[in-house]
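The values are calculated or read from the model by the stated rules, or taken from the named source; none is laboratory data. None of the values given here were measured: they were computed from a predicted structure. In this analysis, Cβ positions are derived from the backbone assuming ideal geometry, glycine residues included, and neighbour counts consider all displayed protein chains. Only protein heavy atoms, including side chains, enter the accessible area calculation; ligands, DNA and RNA are left aside. Shrake-Rupley method; radii C 1.70, N 1.55, O 1.52, S 1.80 Å.
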Amino acid sequence: MARLVMKFGGTSVADIERIRIVAQHVKREVEAGHQVAVIVSAMAGTTNQLVEWTREASPLHDAREYDTVVSAGEQVTSGLLAIILQSMGVSARSWQGWQIPLRTDETHGSARIDDVEDSLLVARLDEGQVAVVAGFQGISDAGRITTFGRGGSDTTAVAIAAAIKADRCDIYTDVDGVYTSDPRIVSNATRLERVSYEEMLELASLGAKVLQTRSVEMAMKHDIPMMVRSSFDDPEALSAAFCGDNSVVGTLVCDEDEIVEKHVVSGITYSRDEAKITLLEVQDKPGVSAEIFGLLADANINVDMIVQNVSANGAHTDLTFTVPVSDFERANNVIKPLEESLSYRDLLGSTDVVKVSVIGVGMRSHAGVAAKMFKALADKNINIQAISTSEIKISVLIDSAYTELAVRTLHSVYELDKT
Ligand code: ASP
Ligand code: MG
């Protein structure tokens with residue numbers, strides 16, 4: 001017997017028929033003798049609608065009431081799944097965040113989980129009852145409903161898994177795992193059997209929107225393996241016997257040490273959410289970068305890549321950096337007034353850029369990964385405008401017209417193509 005957390009996202013509970021299929025997945029695990037806590041999202045599209053209504057009601061609204069409204073979608077699906085499970089003869093009860101209780105801080109809209117009271121929940125699990133938990137929500141010390149930010153049901157799942165010491169945390173979604181690249185661009189992309197927490201964090205923040213980043217951070221901290229798998233697989237076909245070997249049905253997000261067959265590179269991602277700003281011939285003296293990036297920080301603009309040249313004449317240099325596309329205008333408005341004080345020659349900008357990244361824990365111990373990337377891009381005549389690296393990631397900024405070509409080329413160069 002194992003204790004399982006099963007989380008189902010919005011598309012998996014999109015309507016009553018889909019919720020019936022979810023119930024069959026749950027029943028399968030119950031019949032295999034497991035204790036099960038299920039975490040549900042709101043029906044697909046519901047949270048968007050609720051958010052929209054709060055805006056329509058008043059563009060400037062009380063964040064506490066925002067949480068009251070947007071948390072409602074999960075209340076509906078938790079009740080519906082409990083009803084359907086009961087109708088199938090499976091003992092089940094719904095739980096809202098405040099009933100557990102799942103305690104958070106007061107940051108409405110993106111609250112942090114402080115504590116999960118597990119005793120009530122565990123007592124019911126021990127009695128053989130399925131706990132159907134509304135994701136995405138908790139309760140503050142002030143006794144108000146809080147929510148965790150979009151995609152927050154993943155974080156509920158990991159928090160509950162950690163609290164009840166679950167053996168597994170299965171994240172059911174509309175894809176059957178995490179892929180080596182975006183299958184819409186790379187038809188040869190393959191499902192990863194295992195990926196480390198760290199790689200997943202890079203993949204998640206770079207646009208592989210399978211898991212909320214915070215949930216992966218929490219899973220890494222508490223060492224909770226997460227299995228990303230599809231709720232669209234036939235629940236009947238996934239017999240109990242099959243469940244022993246999960247590597248066949250999804251992607252396991254786990255500790256690096258548990259990955260036997262390590263690849264140097266695990267995935268290629270791209271992000272179109274980048275805009276480039278270049279200051280030509282800005283003064284090369286102490287304090288210039290501090291001033292520019294200080295003002296951008298004050299304006300709450302997140303700078304990603306930064307490139308500064310060594311000054312050729314000792315007086316001037318060029319400075320390039322990237323910001324999210326949505327902050328491009330604002331960033332320009334922050335920099336323009338500095339024209340006098342920094343006496344730069346020109347301010348250039350472009351949104352026709354894309355950031356392509358190569359990710360893999362194997363980079364730590366392998367030389368030449370970057371060189372291979374640059375050579376592959378050069379062979380295709382793709383110019384690199386900026387570069388940034390971390391221990392397990394190399395990113396380049398290129399002309400967005402070459403997105404597909406670059407991603408496909410790198411995917412095959414690092415031997416990730418389906419064979
Ligand atoms: N329903 C929430 C959202 O759409 C939380 C979740 O689905 O994880 O963001
Ligand atoms: Mg999600």
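Observations on the structure shown:
- Stokes-Einstein D (µm²/s) once Rh is taken as the Kirkwood radius of the chain over alpha-carbon pairs, at 20 °C in 1.002 mPa s: 92
- Degrees, to the nearest 10: 16-31 long Cα axis against longest axis of the chain: 70
- Most mobile listed residue (345, 103, 144) in the chain, GNM with C-alpha springs under 10 Å: 345
- If both residues of a DSSP beta bridge must be in the chain, then about 60% of such bridges are antiparallel.
- When the pairs 165/393; 7/276; 380/418; 285/372; 375/418 are compared against a 29 Å limit on Cα-Cα distance, 165/393; 7/276; 285/372 fall above it.
- Hz values of 3J(HN,Hα) by residue in segment 92-103 - Karplus curve (6.51, -1.76, 1.60), Gly and Pro given as x: 8, 9, 7, 9, 8, x, 6, 7, 5, x, 9, 8
- Under-5 Å amide H pairs with residue 104, H placed in peptide plane, nonlocal only: 114, 139, 140, 141
- GNM flexibility winner over the chain from 287, 33, 73 (Cα, springs under 10 Å): 287
- Couplings 3J(HN,Hα) for segment 399-409, derived from phi with the Karplus relation 6.51 cos²θ - 1.76 cosθ + 1.60 (θ = phi - 60°), are 4, 5, 4, 9, 3, 4, 4, 5, 5, 5, 4 Hz, where x marks Gly and Pro.
- Sorting 18-31, 312-325 by average packing, meaning the other beta carbons within 10 Å per residue, from highest down gives 18-31, 312-325.
- Share of pairwise Cα separations in segment 326-373, more than 16 Å, in percent: 62
- Heavy-atom surface of the chain, accessible at 1.4 Å and reported per residue (Å²): 45
- For the chain, built as a Gaussian network whose Cα springs stay under 10 Å, the top-fluctuating residue of 391, 340, 258: 340
- The string of couplings for segment 212-225 from the Karplus curve (6.51, -1.76, 1.60, θ = phi - 60°) is 5, 3, 4, 5, 5, 4, 5, 5, 5, 4, 9, 6, 9, x Hz, one whole number per residue in order, with x for Gly and Pro.
- Taking all protein chains as shown and a probe of 1.4 angstrom, residue 141 keeps an accessible surface of around 120 Å².
- Taking amide hydrogens as placed 1.01 Å from N in the peptide plane, the amide H of residue 7 sits under 5 Å from those of 39, 170, 171, 172, each at least 5 positions away in sequence or on another chain.
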